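Worksheet: the structure to be examined is printed underneath.
The values are calculated or read from the model by the stated rules, or taken from the named source; none is laboratory data. Owing to the predicted nature of the structure, the values given are computational and were not obtained by experimental measurement. Cβ placement follows ideal geometry from the backbone for every residue including glycine, while neighbour counts extend to all protein chains displayed.
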Amino acid sequence: MHFDQTSGISTISLSLFTATIRGMGNKRKDREVQSDDDEPMKSRTKSTDGGKPQLLPSMIKNKEKRSALYAKLKLEKKTEKRKKAKAREALESKALELGEELPPKKVPRTIENTREADETVCRPDDEELFAGNDADEFSSVLNSQRVPKVLMTTCRFNSTRGPALIKDLLTVIPNSEYYKRGTYDLKKIVEYANNKEYTSVIVVHTSRREPDALLVIGLPNGPTAHFKLSNLVLHKDLKNHGNPTGHKPELVLNNFTTRLGHRVGRLIQSLFPQDPEFRGRRVVTFHNQRDFIFFRHHRYIFESKEDKQDANDQNNETEDGKTTLKGKVIARLQECGPRFTLKLTSLQHGTFDTKGGEYEWVHKPEMDTSRRRFFL
């Protein structure tokens, strides 16, 4: 047995003492770790109606078992939803048989129907709004006193996509012409268009070889609207697209509800003639949703679809000797293109003027305080 000369305590007794101290510390740590593991397990378990905790997929470490449990829970949720739908249909059919009123349908909660209240929303009994329509810059065109005539051009440094978009727009907007920009300033182009009695000027701006903005200038006194352009699909890139005729299209403007939206809608309306030719079956749509204006160009087609019983019968002959096919007439839409999305960034008084121009409305980042706040 070896003794330490300095302290007089044996090395064996010292090593035994340190081992016992370490063992006691490890047991204490194990108890603390076990108690910590139990707390998140209790918090992750979801108690059911019977009082038993339900196992959640996030509690399972094995990937296959976790995905199997998730699929099982998803199937249970789907079957429960289907049962509720069948019960609702049974109540509706029973109410129809008894002649009672149908149960009220639940309206889903969306961003559109929960938008913030806006004082500038137009009302059908607003006399001031109708009086302003007769005196604004678009009244002469919309009252058919002037024929719409549109000049289209590009920015100075444009790519092939800019003229390609203008080529498609020429088929959409009747009585429109394209002029190459060259080195002319936009103010000189506006002055030239005024002298030639054009009613509007459209400028397609490109960046990195892709059209990214659209400038619409009303003549002779404005206003000037600047739109951000995105999600462009040209006529040639659309699958199963149709070829439009030269007839004047019908114009559909949806959801321009505020004073600003009403003004932008009248600016867009002034680009098109007010006497559409329904024989051409062309429809041009500007649909506003959450301040994004979606542009679509369609033509509607009428097709006769024969029934199975009518297909076996022969064609009927009328008194004039003409044959008529039996069957249902079905109407469908065929997209002609182009397709793009616009977002208003500014509306300026008068014609284009970057230095001394006054703005009616400008979009700023600090205006986006809520997802349920819209301006058009």
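Only residues that are within 16 Å of THR341 (Cα to Cα) and either assigned to a loop (DSSP other than H, G, I, E, B) or of a type outside the set (D, E, K, R) (or both): list them for the stretch 226-243, please.
Passing the criteria: HIS226, PHE227, LEU229, SER230, ASN231, LEU232, VAL233, LEU234, HIS235, LEU238.
Which pairs have Cβ atoms under 9 Å, sit 6 or more apart or on different chains, and link a residue in the stretch 336-365 that is farther than 17 Å from ASN221 by Cβ to one that is of a type in the set (A, V, I, L, M, F, W, C) and exposed (fewer than 14 other Cβ atoms within 10 Å of the Cβ)?
Filtered contacts from the stretch 336-365: THR345/VAL362; SER346/VAL362.
Restricted to the stretch 166-181, and to residues that are touching a Phe, Trp or Tyr at 6+ places or on another chain (Cβ under 8 Å) and buried (at least 17 other Cβ atoms within 10 Å of the Cβ), which residue is farthest from PRO276 (Cα to Cα)?
The selected residue is ILE166.
If I ask for residues that are in a helix (DSSP H, G or I), among the charged types (D, E, K, R), loosely packed, with under 10 Cβ neighbours inside 10 Å and modelled with pLDDT under 55, which ones from the stretch 269-325 would you list?
LYS308
What are the residues in the stretch 183-225 that are of a type in the set (Ser, Thr, Tyr), assigned to a helix (DSSP H, G or I) and either within 24 Å of TRP361 (Cβ to Cβ) or in contact (Cβ under 8 Å) with a residue 60 or more places away in the chain (or both), if any?
none
Among GLY99, GLY8, which is on the phi > 0 side of the Ramachandran plot and either modelled with pLDDT of 75 or more or β-branched (Val, Ile, Thr) (or both)?
After applying the criteria, what remains is GLY99.
Quick one: LYS180 ticks every box in (1) touching a residue at least 24 places away in the same chain (Cβ under 8 Å); (2) within 32 Å of the chain's Cα centre (by Cα) bar one, so which box is it?
LYS180 satisfies every listed condition except (2).
I'd like to check something: does the stretch 228-248 contain any residue that is β-branched (Val, Ile, Thr) and under 29 Å from ASP134 (Cα atoms)?
No, every residue in the stretch 228-248 fails to be β-branched (Val, Ile, Thr) and under 29 Å from ASP134 (Cα atoms).
Restricting to the stretch 117-167, give me the number of residues that are over 27 Å from PHE340 (Cα atoms) and not hydroxyl-bearing (Ser, Thr, Tyr).
Number satisfying all stated conditions: 20.
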